[in-house]
Amino acid sequence: MKDKRVVVGVTGGIAAYKAAELVRLLVRAGVDTRVAMTAHATKFVAPLTFEVLSGNRVVCDMWDHGAVPMDHIRWGQESDLIIIAPATANIIAKMAHGVGDDFLSSLILAATAKVLVCPSMNTHMFQNPAVQDNIKLLKQRGFMSMTPSEGELACGTEGPGRLPEPADILEQARMLLSEQDLLGLRILVTAGPTIEPLDPVRYLTNRSSGKMGYALAMAARLRGADVMLVSGPTRLRPPHDVHFCEVKTAEEMRQAVLAPSSQYDVIIKAAAVSDYRPRAKAEHKIKKGEENQTIELVKNPDILAELGSMKVDFPRILVGFSAETEDLAENARRKLEKKNLDMIVANDVSREDAGFDSDTNLVKVMYRDGHIEEFPLMTKTELADQLLGRIRDLWEDRSPGR
Ligand code: PMT
C-alpha cells in the first residue's frame, strides 16, 4: 500500500479508540494517513493520539485557528481512499442526505476518492429501518459499507454493531486499493498440514504452518476473486471475506475439495497433505508396553492427482506445489506431468528460509510447455501476489476477451 494516501474519518462512538489501531496498521503498511475527527469523536479520544500515530496534523474543525483553508475540499480529492471508522448513525445519515455541516461531512461531500464506511453503534440503532435505508442508499451510490461484527457491545446489548476488527478494515481497504484483475474468478486454495490420528491423543502430521496457502488466499481475494480456503489445523486467522473450511485429515480435505471442485475456475494446492495415515485409530490411548512399537501405515488418496484426472472441462487451471529436499526440478516436473497440472511451484524445503514455516520462500515455477521461471527469495505475501499474476496470465490465454 506504499504510495497510497488514506483519510481516516473518526466519528463519535465508543469504538473511536479502535481507530487508533487502524491508523497504526495503515502507517505500518506504508500508507500516508491523515485523520479527520468530528467534534463528538474528540470527546472519546484526543486528537493528539492520532497526530502522534499518523505523523500528520489532525483536523477536527474547519474554523479552528490554524486550519488550512480548502483542506475540506483537498483532502478528499488528494487521497485514494476515505475510511469512516467508526461510522455512527449520524454520519451515515448525513452522508446519505448530503449534509455538510462540519469538516468531515463536507470533506466526504466533495471527495472524489473511494469511501469505505465501517458502521458501529447499538444493535437496535443499527437495525433501525432509517439507518438500514441510509446504508442501502449509500451502497447504491457506490460507497462500500462493511458489515459490523456481532457480540457484546459497550452499551450492554448483544448483536450486530461492533466495529469490525482494525485488521479486517485494513484488508478491506487493501482490496479497494488493489487492481481487481481476478474479479469474477472462483479460486479454491488448500493450506496447512493434515493430521492423521493414531489414538485419541496422538497424531502424525508435518511442519506446514499454512502461511503460503493463507497468503495465496488473501492475495486472490484482494485482487477480486471469490475465494474458498480449505485448511488443515493452523494457528492463523482466516483472511477477511474468504470462505473458510477447516479440516483435519487428508480424507476430510479430499471431501472438502473434490465435492465442490467443479464450481472453481482455479484450484491451488499449497497444503502439505500426509501421504500416509495409520491403518487404524486406536479407540483408547495406546499404553506404554513393549520396547519397540510398529505403526502400520496405509496410503492416503492423492487429492491433486484425482483433480488432475477429472480435469476435462477446459479452461480450468490446476496448480500444485512440490516440496523437495533433493532433485527439485526433476521431481517437480514428474509431478506436473503425472498429476496433469498447469503449473507447479517447487520449493526446496531443506532451507531454513524457504518452504515449511518460514515467512519467506524460494521457488521455481514450472509450466506444461517446459518453461521454467526462477523467483528470488521473497516473502510469502510477495510470492503469492507474483504467482497469482502468472495464474491470471494463464487464465487470460485460455479465455481471451474475458
Ligand atoms: O504452510 P507453510 O509453512 O507456509 O509451508 C508451505 C509449504 C512448504 C507446505 C508449501 O509451499 C508446499 O510446498 N506445499 C506442498 C507440500 C507437499 O505436500 O508437497 P508434495 O510434493 O508432497 O505434494 C505435491 C502436491 O500434491 C501438493 O500440491 C500437495 O498438496 C498434493 N498432494 C500430496 C499428497 C496427497 N495425498 N494429496 C495431495 O493433493
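The values are calculated or read from the model by the stated rules, or taken from the named source; none is laboratory data. On a predicted model such as this, the values are computed, not experimentally measured, just so you know. We place every Cβ from the backbone using ideal geometry, glycine too, and count neighbours over all the protein chains shown. Ligands, DNA and RNA are stripped out before the accessible areas are found, and what is left, the full protein with its side chains, is counted by its heavy atoms. Shrake-Rupley method; radii C 1.70, N 1.55, O 1.52, S 1.80 Å.
Some points to look at:
- Pairs beyond 20 Å (Cα-Cα), from Lys211/Lys248; Lys269/Lys311; Lys43/Lys136; Lys248/Lys281; Lys2/Lys43: Lys43/Lys136; Lys2/Lys43
- Highest average packing first - 9-18, 332-341, Cβ atoms within 10 Å: 9-18, 332-341
- When both bridge partners sit in the stretch 225-381, DSSP labels roughly 50% of those beta bridges antiparallel.
- The alpha-carbon of Lys285 sits under 14 angstrom from the alpha-carbons of these aspartates and glutamates, leaving out residues fewer than 8 places away in its chain: Asp199.
- Top of Glu158, Glu290, Glu374 by mean-square fluctuation, Gaussian network on the chain, Cα under 10 Å: Glu290
- Interchain or long-range residues, amide H under 5 Å from Ile84's placed H: Gly9, Leu116, Val117, Cys118
- Quotient of Cα Rg and 2.2 N^0.38 Å for the stretch 5-177, N being how many residues it contains: 0.94
- Of all accessible heavy-atom area on the chain, the percent that carbon and sulfur account for (1.4 Å): 50
- Candidate residues Lys94, Lys287, Lys281: accessible-area rank, largest first, probe 1.4 Å: Lys287, Lys281, Lys94
- In Å², nearest 10: area of Trp75 left accessible to a 1.4 Å probe: 10
- Accessible heavy-atom area order of Arg57, Arg223, highest first, probe of 1.4 Å: Arg57, Arg223
- Rounded to two decimals, the Cα radius of gyration of the chain over 2.2 N^0.38 Å is 1.17.
- Most mobile of Asp133, Asp241, Asp327 in a GNM of the chain (Cα contacts under 10 Å): Asp327
- Choice from Gly76, Gly192, Gly159 showing the highest fluctuation, given a GNM over the chain with Cα pairs closer than 10 Å: Gly159
- Inter-part distance, the stretch 108-168 to the stretch 336-402, computed on C-alpha centroids, equals 39 Å.
- All Cα-Cα distances of the stretch 186-398, cut into 5 Å bins from zero to the largest, leave 1, 7, 15, 19, 20, 16, 10, 5, 3, 2, 1, 0, 0 percent in each bin in turn.
- Under-5 Å amide H pairs with Ala270, H placed in peptide plane, nonlocal only: Thr190
- On a per residue basis, the stretch 5-177 carries 45 Å² of accessible surface, using protein heavy atoms and a 1.4 Å probe.
- Cut-off under 5 Å, modelled amide H: who pairs with Asn206 long-range: Thr194
- DSSP bridge pairs, the chain: antiparallel proportion in percent, nearest 5: 30
- Note on the stretch 207-287: Rg/Rh from C-alpha atoms, Kirkwood Rh, equals 1.03.
- Sites matching trypsin sites (Lys or Arg not before Pro) across the stretch 122-186 that sit in DSSP coil, with at most 14 neighbouring C-beta atoms within 10 Å: Arg141
- Set of aspartates and glutamates with alpha-carbon distance to Lys4 below 15 Å, sequence-local pairs under 8 removed: Asp32, Glu78, Asp80, Glu171, Glu179
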